[in-house]
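The values are calculated or read from the model by the stated rules, or taken from the named source; none is laboratory data. The model shown is predicted, which means the values in this text are computed figures rather than measured ones. Don't worry about glycine lacking a Cβ; one is built from the backbone with ideal geometry, like all the others, and counts go over all protein chains shown. Ligands, DNA and RNA are excluded from the accessible area calculation, which covers all protein heavy atoms including side chains. Shrake-Rupley method; radii C 1.70, N 1.55, O 1.52, S 1.80 Å.
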Amino acid sequence: MTSPATSPATSPATSPATGRFHGVGVGPGDPELLTVKAARLIGDADVVAYHAGPGKESNARRTAAGLLRPGVVEEALVYPVTTGATEHPGGYTGALAVFYEESAQRLAAHLEAGRDVVLLSEGDPLFYGSYMYMHDRLAERFETEVVPGVPAFAAAAAAVASPLVRQTDVLTVLPGTLPEPELARRLADTDGAIIMKLGRTFPAVRRALAAAGRLEHAVYVERASMPAQRWLPVADVDPATVPYFSLVVVAGDSRHGRRTRDTELPDVPAAARVPAATEAAELLVVGLGPGPDRWLTAEVSAALAEVDHVVGYAPYVDRVPQRAGLTRHASGNSVEIDRARLALELAARGERVAVVSGGDAGVFGMATAVHEAAEAAGAEGREDLAGVPVRVLPGVSAVQAVAARAGAPIGGDFAVMSLSDRLKPWAVVERRLRAVAEADLVLAVYNPASRSRTEQVVRAQKTLLEVLPADTVVVVGRDVGRAEESLHVTTLADLDAASIDMKCLLIVGCAQTRVTPSGRVWTSRSVPDRAEG
């Protein structure tokens, strides 16, 4: 492979006298797994470079040792630190940045002198390899070629003779350095998995596997393809013995029949349905709040800790902590009835199920979809589904969150509307907008825009301006409660419709809405009698 910034021929950025730079993967450790091309380049190189830990032999060099020709120049790039503390003012990251820069300068000196340089990389150069940091610094200056190598996870899978994935299964490669809850979530949502970078992270990785329900089938592999190779169930591993050169293999077959897809909901076969005499479990429909965990109610948190299944739109399902025994059913944004039907099927079989929504499940959320699906099932004669008891647990709604950030704009009478015309004609939306404006109610606007709906805000603004004064206060809340949160106070006439997206919620004030000198927005609870005015 040739770097996109270069070509095999001399480019303007190079001269005929410069050497060629090669990033060569030497595989996982067994010299017989080196490619023919890698062996040829190593044997022909003027300079062979390799990374090594402080006071340690380079694994890459050990793999390629039999190919080094007599008299070849060796450049050992020894890390200043691999773990632990450093006296560098920039900490570990700063120390490594200086090291990579100095290493690149050493290799550049050889290349500028016309010497061909081969940088050895364990496994594959572009897969969690230190080679990449040299590539970033040298590929635009010198003719560069990358030679792929057998990655360690391929050798590990071969060692345990376990198929990673089949057909449309998904394989996920995860660093063990991920936060434990995130690692557990990703393990629960994939078919096959590889977990790299173990060592000190192993205890957290093991807990994450257990939380995801994948520990039983997880296999630990140490020094794959090397003479000291060993493998055993993760559950049997002593954490004190785990080196960095180890990984975990979770075969996709171990999840067979339990997969979920963002675009495809798992079906419940008729043969698996519980007879009518079986008592259905109560189906919970819960609101997760607008985003931050601190806005999740204690009632909802306790409920989620007890259920066996969580069903919902993928980003909302992702917010539910993974734990042992929990099966997640994530789906896309426009299949509400399908996932409500799935939840009813599971509950009818006696499974404990929670359907999750962002904000409050009863405000443009899944609570209504569940009841719609139950009604439709009853019309089909599926009394087992229609009779599932449903309980809705409230959550902090988006309008509450935005209003609180702004001050008290919904302190008086207010209305809530969605600008989405996916389930109702735009003529209905327009008629209701005008009615709310004529009633002089504060208006909270959900779903103001999306990638496929860009004109609704403009049309709504025009409709409201036909009734309301141009200086009517408008609050625009975006991603409230999240790191990207913003709040903007403007007027109806000055509202920039082009800046509104699906992450926004609008609050349009009424005649009693005021803005304080400090920018706080509030609506008086007192409304004068216009007949007396």
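Here is the figure for the stretch 322-348: residues that are surrounded by fewer than 17 Cβ atoms within 10 Å (Cβ to Cβ) and not in a helix (DSSP H, G or I) total 6. Within the stretch 258-278, not a single residue is open to solvent by less than 50 Å² (accessible area, probe 1.4 Å) and at pLDDT 80 or above.
Inclusion of Ala373 among residues that are modelled with pLDDT of 95 or more, closer than 28 Å to Ser486 by Cβ and open to solvent by less than 40 Å² (accessible area, probe 1.4 Å) is not warranted. Residues that are assigned to a loop (DSSP other than H, G, I, E, B) and acidic (Asp, Glu) within the stretch 106-150 comprise Asp116, Glu122, Asp124, Glu140, Glu143, listed in sequence order. Count of the stretch 20-71 residues, restricted to those that are without any contact (Cβ under 8 Å) to a residue 24 or more places away in the chain, of a type in the set (Gly, Ala, Ser) and under 20 Å from Tyr244 (Cβ atoms), is 1. Among residues of the stretch 183-203 that are modelled with pLDDT of 90 or more, those with a Cβ under 6 angstrom from a residue that is surrounded by 23 or more Cβ atoms within 10 Å (Cβ to Cβ) and among the hydroxyl-bearing types (Ser, Thr, Tyr), sequence gap 6+ or separate chain, pair up as Leu198/Ser246. Of the residues making up the stretch 168-184, those that are open to solvent by 60 Å² or more (accessible area, probe 1.4 Å) and either within 12 Å of the chain's Cα centre (by Cα) or not hydrophobic (A, V, I, L, M, F, W, C) (or both) are Thr168, Thr177, Pro179, Glu180, Pro181.
Of the strands (runs of 3 or more DSSP E) lying entirely inside the stretch 458-532, those containing at least 2 residues that are open to solvent by less than 90 Å² (accessible area, probe 1.4 Å) and without any contact (Cβ under 8 Å) to a residue 40 or more places away in the chain are 473-478, 486-491. Does the stretch 286-301 contain any residue that is open to solvent by less than 20 Å² (accessible area, probe 1.4 Å) and over 27 Å from Glu180 (Cβ atoms)? No, the conditions are met nowhere in the stretch 286-301.
Number of residues in the stretch 487-514 that are at pLDDT 95 or above and over 20 Å from Leu464 (Cα atoms): the value is 1. For beta carbons closer than 7 Å, sequence separation of 6+ or different chains, a first residue in the stretch 408-425 that is over 21 Å from Val521 (Cβ atoms) and a second that is in a loop (DSSP other than H, G, I, E, B) and open to solvent by 60 Å² or more (accessible area, probe 1.4 Å), the qualifying pairs are Ser418/Phe364.
Screening Ala210 on (1) in contact with a Phe, Trp or Tyr (Cβ under 9 Å, 6 or more places away or on another chain); (2) open to solvent by 30 Å² or more (accessible area, probe 1.4 Å); (3) hydrophobic (A, V, I, L, M, F, W, C) shows it passes everything except condition (1).
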